[in-house]
1. Using a 10 Å cut-off around each Cβ, can you sort Tyr280, Tyr246, Tyr263 from fewest to most neighbouring Cβ atoms?
2. Going toward the positive end of the dipole of the chain, with +1 on Lys and Arg Cβ and -1 on Asp and Glu Cβ, which of Thr91, His253, Tyr283 do you reach last?
3. Taking 45 Å as R0, compute the FRET efficiency from the Cβ-Cβ separation of Asp126 and Gln17 and round it to 0.05.
4. Using amide H atoms built in the peptide plane, which far-off residues or other-chain residues are under 5 Å from Glu48 H to H?
5. How large is the charge dipole for segment 4-93, taken about the Cα centre, if only the Cβ atoms of Lys, Arg (+1) and Asp, Glu (-1) carry charge, to the nearest 20 debye?
6. Which parts of segment 48-70 would a label at Lys30 reach, counting a residue when its backbone N lies under 19 Å from a point 7 Å out along Cα-to-Cβ?
7. Between Ile208 and residues 5 or more places away or on another chain, which pairs have amide H atoms under 5 Å apart, with H built 1.01 Å from N, and which residues are they?
8. So if I place +1 on the C-beta of Lys and Arg and -1 on the C-beta of Asp and Glu, and nothing else carries charge, what would the dipole magnitude of the chain be about its Cα centre? I want it in debye, nearest 20.
Amino acid sequence: MENILDSEIRFDTLHIQNSGTEPLKITFPKLPKHLIMKAVPKILQPSEFGEIIISFKASKKKDYGYFTDIIKIKTSSKSGKKNGKIIIPGTILEDFSLLSQKELIAAPIIYFNERISNLGKIIKGDKKRCTFHFSNPGKRNLIIRKIEVIPAFTIVSFDEVIKPRQSGQIELEFKAFGSERQVRYPITIISNDPINSYSTLFAEASIINENSKNQIIHEIALNDVLKLIRNNSSNENFIILDVRTYDEFINGHIPNAINIDYYSGNFENNLLKLPRDKIYLIYCKKGIRSRSAAEIMGKNGFQFIFNFSGGIDEWEKERLPLQQ
């Protein structure tokens with residue numbers, strides 16, 4: 001049932017067979033209002049093939065985005081009764097083709113101030129909230145149809161209807177789980193904006209264990225890297241360290257970075273010649289070599305270490321300036 005318009009009635013057929021030795025009656029108790037299901041024939045003889053015909057009326061589902069219907073199915077024979085289930089997944093989309101040209105011109109518009117929220121460090125098992133602010137510069141009411149998140153998030157609150165030229169917010173709570181790592185999770189906002197009915201936001205965090213909360217190595221993503229560089233643009237105690245090879249470095253690096261090759265034979269000696277009281281932003285291609293370099297520095301008395309977890313790959317993906 002993929003991509004069903006909310007104005008649509010969708011039909012589907014499941015092919016079945018009675019593999020038993022007795023006639024089998026198939027029924028569907030307590031079907032939801034948006035579904036009609038019937039078995040043809042109603043009673044399947046042994047080895048006989050049949051069909052389950054499904055009619056799905058999206059307007060009665062009263063939902064948008066991804067859904068999963070779990071339907072109970074009951075089979076009866078002389079030997080007894082059995083219960084089973086049929087899973088019907090799908091996606092419901094709003095049918096904007098029903099809007100006139102005048103309605104499209106006056107349609108609501110969803111605009112987010114920022115699409116990425118960095119939650120910083122979170123100890124495994126702890127919770128932290130994030131807020132996304134948005135506005136409606138359109139001419140009709142903006143309606144938030146649905147918010148889709150992974151189970152680690154709880155939707156605390158959100159403004160469902162936003163009048164023209166008004167603003168609202170979405171507040172979520174994230175519970176850190178799993179091993180120590182840098183995470184970035186998508187958050188899907190479904191609205192009645194015909195141009196951007198699906199908006200994707202992101203929540204980023206560094207998950208750490210309890211015994212790591214006082215560590216001096218900070219894992220940061222691109223958004224915080226840019227803030228760190230901007231806030232220290234005139235700070236002579238701020239050093240950007242590129243630990244890729246010299247060839248990688250000269251082909252393009254973050255402006256004003258210095259280079260110490262991680263793969264060189266005297267890498268650690270050269271690294272430990274750096275002053276220990278300065279602020280270091282370290283990066284490589286993907287954040288792996290730089291993390292190893294940061295750990296060496298952390299064990300040797302360096303106090304302010306920021307590892308760019310996405311590396312130059314993430315920098316280039318956003319088409320940010322490179323120096324050669």
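Read the figures in this text as sums done on the coordinates, not as results from a lab. What you see is a predicted model; the values in this text were computed from it and never measured. Glycine gets a Cβ as well: all are built from the backbone with ideal geometry, and neighbour counts include every protein chain shown.
1. Listing Tyr280, Tyr246, Tyr263 from fewest to most nearby Cβ atoms yields Tyr263, Tyr246, Tyr280.
2. About the Cα centre, the residue reaching furthest to the positive side is Thr91.
3. Working: r = 52 Å, r/R0 = 1.16.
Here the calculated transfer efficiency is 0.30.
4. Asn18
5. Details: 16 positive and 8 negative charges, 105 e Å.
That gives segment 4-93 a dipole magnitude of about 500 debye.
6. Once the point is set 7 Å along Cα→Cβ of Lys30, 61, 68-70 turn out to lie under 19 Å by backbone N, inside segment 48-70.
7. Ile122, Ile123, Lys124
8. On the way: 46 positive and 37 negative charges, 301 e Å.
Approximately 1440 debye in magnitude.
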